[in-house]
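Only one structure is covered here, and it is reproduced in the block below.
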Amino acid sequence: METVITYLNAEQIVTDVMWEKHIKNFTDTNCIFEEGIEDFLMKNKASKTCLVFFNIIDGIRIIRKTYKFNVKLVFRPRGILPEESYYKNKNRAKTIALNLIERFVISKIDSIIYLSEVQKNFYEKKYKRLQNKKIVKAILPNIKKTAKIHEDNILAYKNSIVYSGGFSKWQNIDLIFKLVSEIILDLNVNCVFTVLTFEKNFQNARELAEKYSIKEYVNLKYVSPNELDKELLKHNIGVIIRDNDVVNTTSSPFKVIDYISNGLAVILTDNISWQAKQILNKDSYYELKYSVEEINYNSTELKDFIIRNFENGLKKEKIDRYEHYINSIGKIVP
């Protein structure tokens with residue numbers, strides 16, 4: 001939400017009051033926070049209003065409430081919901097229903113703001129209507145404000161690799177522990193592996209650490225979302241693994257931005273590396289090859305990459321590159 005609000009070119013932004021605390025400090029544009037969209041539209045019939053929504057379920061609700069009004073509908077897909085549903089639940093009936101909803105919503109929108117070029121290609125192949133020149137199209141990846149560097153919270157854990165996130169199947173946590181065990185035991189890299197996750201995942205993490213014989217190297221920790229940036233600044237390298245399912249390849253994992261915006265080098269699979277390539281130099285990211293629940297890499301290259309980023313982290317250089325990247329993104333006119 002904050003990403004889109006920051007980059008919309010508008011005289012004023014109207015949104016539900018529930019979003020006030022999230023966006024009031026993210027934009028200089030005048031923001032109006034309303035309890036109900038219909039009430040606002042009734043009072044401002046002459047205003048040129050754009051309504052932004054982030055998933056097709058919200059979209060169909062908005063369409064139902066606003067079809068009598070002259071508004072522009074802007075869709076910012078966070079993901080591909082029908083495909084995500086099938087990926088997680090394998091329920092064909094639900095997937096068919098979601099595809100019908102998505103098709104209807106797409107038929108009503110005036111603008112669409114994609115997460116990536118891959119997501120754009122996916123949607124335009126699925127829905128020929130989106131190739132229509134009358135529909136305003138833009139690409140805006142997931143981004144966030146940069147962290148403030150303070151000397152007292154940088155690299156508290158020397159030689160540290162970090163994973164930040166959940167333990168869902170699509171996050172490939174087993175492969176992440178396997179990779180880190182190979183780094184420590186096979187490549188002989190001495191490091192701390194910090195896992196930032198919910199406490200409910202700690203037991204699973206301990207079992208994986210035991211399974212891969214790295215129990216003494218693992219540091220389990222939970223930090224609240226508003227403390228995450230401060231914690232990530234303490235580490236050298238972040239790791240993220242995704243498989244080749246279209247759900248993952250069309251996404252823009254926010255975890256990549258969490259790592260980069262806090263000055264971390266990144267180890268990630270090549271199917272989600274496009275944003276790291278745009279922001280970082282080659283020495284600051286390493287691509288793993290994903291293939292049917294396995295990852296492949298060159299041992300010498302990976303070890304050299306890790307040692308280089310342990311010895312010369314260049315956090316400020318990475319954060320400067322990230323700031324240049326977000327400052328180069330132009331405003332979007334819906």
Sequence-distant or interchain residues sharing an amide H contact under 5 Å with Leu8, placed H: which? Ile332
Starting from the Cα-Cα distance between Val292 and Phe198, subtract it from 0.36 nm times their residue separation and give me the gain in nm to one decimal. 31.1 nm
Sorting check: for 185-198, 225-238, which peptide has the highest mean count of neighbouring beta carbons within 10 Å, and how do the rest follow? 225-238, 185-198
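Segment 52-139: which trypsin sites (Lys or Arg not before Pro) are DSSP loop and have at most 11 other beta-carbon atoms within 10 angstrom?
Sparse-neighbourhood loop trypsin sites (Lys or Arg not before Pro): Lys68, Lys90, Lys133, Lys134.
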Whichever lysines have a C-alpha closer than 18 Å to that of Lys178, once near sequence neighbours (fewer than 8 apart) are set aside: Lys169, Lys211, Lys215, Lys289, Lys303
Cβ-defined net charge surrounding Phe177, 12 Å radius [Lys, Arg +1; Asp, Glu -1]: 0
So I have (1) 57, 51, 40; (2) 67, 46, 36; (3) 140, 45, 35, and one of them is Cα extents along the principal axes in Å calculated from this model. Which one is it? (2)
Subset of Lys230/Lys282; Lys90/Lys282; Lys120/Lys221; Lys88/Lys282; Lys255/Lys282 violating a 28 Å alpha-carbon distance limit: Lys90/Lys282; Lys120/Lys221; Lys88/Lys282
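Laboratory data are not the source of any read-out in this text; all were calculated from the coordinates shown. Just so it is clear, the structure is predicted and the values come from calculations on it, not from any experiment. Cβ sites come from the backbone with ideal geometry, for glycine too, and all protein chains shown count toward neighbours.
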